[in-house]
Amino acid sequence: MSALLEVAGLDVHHGDLQALHGLELSVSAGETLAVIGANGAGKTTLLRAVAGSLPVSAGRVVLDGEPVEHLPAHQRVALGIALTPEGRRIFPSLDVEENLLVGAYRARRGPWDLASVYDLFPLVSDRRARSGAHLSGGEQQAVAIGRALMSNPRLLLLDEVSLGLAPVVVGEIYAALPRIVERGTTVLVVEQDLDQALGCADRVQCLLEGRTVLEGPAGSLSRDDVTAAYFGI
Ligand code: ATP
């Protein structure tokens, strides 16, 4: 099966600092890949390079056979790549529904609209007229994911879903992932929480200082091996 996303030989710099070193990664349609790693491993850099909000120094980002590394972010959205950024970036002056509709600007056709997002996240449905400034962290995360889905992505990039949220809320958000995949959206999730990553993903890829140190099917990796790779032991 050809990959939906193929990343090859990817180098990304922040000024003089090289954050990714010849990174290779692929995600097949319908699978969920978790990219894990400690602070500074390069996870956010990877997602931003795939989404087009960071330039790449070398290498390729290919969506369903089409090179996209030269395209600006909005054109990648039009081709089916959507990012839920770290920190969620909800617009505080807009209400929930308006925040969601921002994601529908130039949306592709597909299964995601207000009704299906509300069905996915009832907690968002209950808050649809509430201002973005008055949402809990979990509500913001659900709105941020819903906003990305409104563009009807083929590939949804999720950055640090669990960051700063109570475990019960994280569980609610992660419970939605299989339903997102069922509707035909492939998911690449970046996570620091090993248990969440191993629990949600078909495959796991662990980064350390911008390089892959371990990868494999989630069910085949031992917790000890993953922990050792994560900490670079
Ligand atoms: P975190 O979980 O802390 O977000 P991460 O795995 O997502 O970590 P990145 O944020 O991609 O890691 O950072 C990779 C490296 O690039 C780190 O050394 C980081 O300090 C550096 N870096 C990231 N963003 C910038 C930036 N805007 N300017 C300079 N250096 C940066």
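Of note:
- Rounded to the nearest 20, the size of the Cβ-charge dipole of segment 120-233 about its Cα centre is 580 debye, with Lys and Arg at +1 and Asp and Glu at -1.
- Per residue, the average separation of C-alpha pairs within less than 8 Å and at least 6 apart gives segment 75-183 a relative contact order of 41 percent.
- Summing Cβ point charges (Lys, Arg +1; Asp, Glu -1) relative to the Cα centre of the chain gives a dipole of roughly 620 debye.
- Positive-pole candidate from Gly171, Gly37, Val213, dipole of the chain, charges at beta carbon: Gly171
- Cα-based shape type of segment 44-84, given that a ≥ b ≥ c are square roots of the gyration tensor eigenvalues and the cut on a/c is 1.5: oblate
- Each Lys or Arg adds one and each Asp or Glu takes one away; over the other residues whose Cβ falls under 15 Å from the Cβ of Met150, this sums to +4.
- Separation of alpha-carbon centers, segment 80-139 and segment 167-233, rounded to whole Å: 24
- Phi-based couplings in Hz for segment 95-102 (Karplus 6.51, -1.76, 1.60; Gly and Pro marked x): 7, 4, 5, 5, 4, 5, 5, 4
- The chain: Rg to Rh, with Rh as the Kirkwood radius over Cα pairs: 0.95
- For the chain, the longest principal axis of the Cα atoms and the long axis of helix 137-149 meet at an angle of about 80 degrees.
- Expressed as a whole percent, the accessible surface of the chain that belongs to carbon and sulfur atoms is 51, based on a 1.4 Å probe.
- Rel. contact order, % - alpha carbon contacts under 8 angstrom, at least six apart, segment 154-193: 68
- Counting only DSSP beta bridges whose two residues both lie in the chain, roughly 55 percent are antiparallel.
- The magnitude of the dipole of segment 49-90, with charges of +1 and -1 set on the Cβ of Lys/Arg and Asp/Glu and taken from the Cα centre, is near 180 debye.
- Rounded, prolate or oblate (a/c below 1.5 giving rounded, otherwise prolate when a/b exceeds b/c) for segment 1-45 by Cα gyration tensor: oblate
- Whether segment 75-116 is rounded, prolate or oblate, judged on the alpha carbon gyration tensor where a/c under 1.5 counts as rounded: oblate
- Ranked from largest, the principal axis spans of the Cα set of segment 136-221 equal 34, 28, 24 Å.
- Calculation over all alpha carbon pairs of segment 9-112 in 5 angstrom steps from 0 returns a P(r) of 2, 11, 19, 22, 20, 13, 9, 3, 0 percent.
- Take the Cα radius of gyration of segment 56-171 and divide it by 2.2 N^0.38 Å, N being the number of residues; the result is 1.10.
- Projecting the Cα positions of Gly87, Ile180, Pro111 onto the charge dipole of the chain (unit charges on Cβ atoms of Lys, Arg, Asp and Glu, taken about the Cα centre) puts Pro111 furthest along the positive direction.
The values are calculated or read from the model by the stated rules, or taken from the named source; none is laboratory data. The model shown is predicted, which means the values in this text are computed figures rather than measured ones. Positions of Cβ are backbone-derived with ideal geometry, glycine not excepted, and every protein chain shown enters the neighbour counts. For accessibility, only protein heavy atoms count, side chains too; no ligands or nucleic acids. Shrake-Rupley method; radii C 1.70, N 1.55, O 1.52, S 1.80 Å.
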